[in-house]
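*Asks:* Got a structure for you, questions after.
None of the figures in this text is laboratory data; all of them are computed from the coordinates on show. All figures in this text were calculated on a predicted structure; none of them were measured in a lab. Here Cβ is always computed from backbone atoms with ideal geometry, including for glycine, and neighbour counts include all displayed protein chains.
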Amino acid sequence: MSDPLGSASKEILDEFKELGLSRTQARIYVALLGLGPCNARQIEKKSGLRREDVYRTLHALKSLGVVEVIMNNPFIFVAVEPRLAINILVHQFEARLSTVRQKAANLCDTLETIHKTDRAKVYYDSQQSVFKLEGGSQIFQQMSRLVSSCKTELLRVVSLTGISLNYDYGIIEKEQEILRNGAKIRAITEICSGAQHSGLIEKYSKIAEVRHLDGIDSALKFVIADSSEMIFFTTNPNRNVRELAAIWTNNKHLIQGFRLDFEKSWKLSVPAEAMLKMHEKSGTTPSVGGEMPHSS
């Protein structure tokens, strides 16, 4: 059966899902907003759902606190005012998140008693390993650890989207920490025109030595810590972090190849500050530097 709320409402329903409502619950709540106070039969007609599904869902929404019931014959259902309803759902989401975090902390403590940490470290240090990382959460957790372990120098080939994601996931905070401890950070990116991009680069340039190179957006993105371990992306970083994939390795020969490519690109690149000034004067995107060498 087609959705009488229309395809334009799908994004709204998806947003409700993030707050803990099922698609059916969200449809009925939105239908109630449009209908005003009404009985279950009217909701059934509006939502296109079966009567038993309507009653079950209304009961759930009442329990959540986003639907009120007027004692009448038949009962009249009223959607709670949107701002209040969203605040209720957010509060419940935060309560669930707090519970999950506490359970996760307890689970972590339990698992730490099982984990053979010393054996794992000896294995990693003695092996030339390669691991596949899937999904933004796993990738950025590993990247956070990699950056935090850096003692002398961090090298990055990164897109503007990648820099933005690194701010979102707290990686830049880790970079600030290693910077205070004496490590150096060098990053190559492709700087586009626009106030938003300029602001991002100016902000990141306070942490890292940033340079521009044409064509870097189509090159492989990677981060190397102390020439001892690295992560390189096998998908181009974008806002859909669930689709991200990357490889972690401590293979010295592989890392050396990427580092050589980085140094070649660094010589061809220009300082970010100079590039931003060129954008400011011309309002266009000048072509500067050669193309990014490819790792072999």
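*Asks:* Translational D (Stokes-Einstein, µm²/s) of the range 129-282 at 10 °C and 1.306 mPa s when Rh comes from the Kirkwood sum over C-alpha pairs?
*Replies:* The estimated diffusion coefficient comes to 102 µm²/s.
*Asks:* Under a crude label model (7 Å from the Cα following the beta-carbon direction), how far is residue 209 from residue 260 in nanometres?
*Replies:* For the pair residue 209/residue 260, the computed spacing is 2.2 nm.
*Asks:* Net charge within 10 Å of residue 184 by Cβ-Cβ distance, Lys/Arg positive one each and Asp/Glu negative one each, not counting residue 184 itself?
*Replies:* -1
*Asks:* Related question: So how strong a dipole does the range 129-282 carry about its Cα centre when Lys and Arg Cβ are +1 and Asp and Glu Cβ are -1, to the nearest 20 debye?
*Replies:* Dipole of the range 129-282, to the nearest 20 debye: 220 debye.
*Asks:* Would you calculate the separation in nanometres between label points at residue 267 and residue 87, each defined as 7 Å from the Cα along the Cα-to-beta-carbon direction?
*Replies:* According to this spin-label approximation, the distance is 6.3 nm.
*Asks:* Under 5 Å between amide hydrogens, which residues at least 5 positions from residue 191 or on another chain qualify, with H placed 1.01 Å from N in the peptide plane?
*Replies:* Those lying under 5 Å, H to H, from residue 191 are 213.
*Asks:* Which angle between 0 and 90 degrees, to the nearest 10, do you get for helix 117-126 versus the longest principal axis of the chain when only C-alpha atoms count?
*Replies:* On a 0 to 90 degree scale, this one is about 40.
*Asks:* Would you tally the net charge around residue 143, using a Cβ to Cβ cut-off of less than 15 Å, leaving residue 143 out, and scoring K and R as +1, D and E as -1?
*Replies:* Result for the local shell: -2.
*Asks:* Stretch residue 242-residue 51 to full length: gain in nm at 0.36 nm per residue minus the Cα-Cα span?
*Replies:* Extending this stretch completely gives an extra 65.1 nm.
*Asks:* How much net charge surrounds residue 38 when only the other residues with a Cβ under 11 Å from the Cβ of residue 38 are counted, with Lys and Arg +1 and Asp and Glu -1?
*Replies:* Here the count lands on +2.
*Asks:* Can you give me the relative contact order of the range 7-83 as a percent, contacts being Cα pairs under 8 Å and 6 or more apart?
*Replies:* Across the range 7-83, relative contact order equals 28 percent.
*Asks:* Give me, ordered by chain and number, the residues 5 or more places off residue 235 or on other chains with an amide H under 5 Å from its own placed amide H.
*Replies:* Placed amide hydrogens put 245 under 5 Å from residue 235.
*Asks:* Going by alpha carbons, how many degrees (0 to 90, nearest 10) lie between the helix axis of 195-204 and the longest principal axis of the chain?
*Replies:* Around 60 degrees separate the two axes.
*Asks:* Report, to the nearest 10°, how far helix 23-35 tilts away from the longest principal axis of the Cα atoms in the chain, using its own Cα long axis and a range of 0 to 90°.
*Replies:* 60
*Asks:* Using only Cα positions of the range 38-189, each an equal point scatterer, no hydration layer, compute I(q)/I(0) via Debye at q = 0.09, 0.13, 0.21 Å⁻¹ and quote the log10 values to two decimals.
*Replies:* -0.61, -0.84, -1.35
*Asks:* Another question, then. Could you give the length gained by full extension between residue 179 and residue 167, i.e. 0.36 nm per residue of separation minus their alpha carbon distance, to one decimal place?
*Replies:* Full extension from residue 179 to residue 167 adds 2.8 nm.
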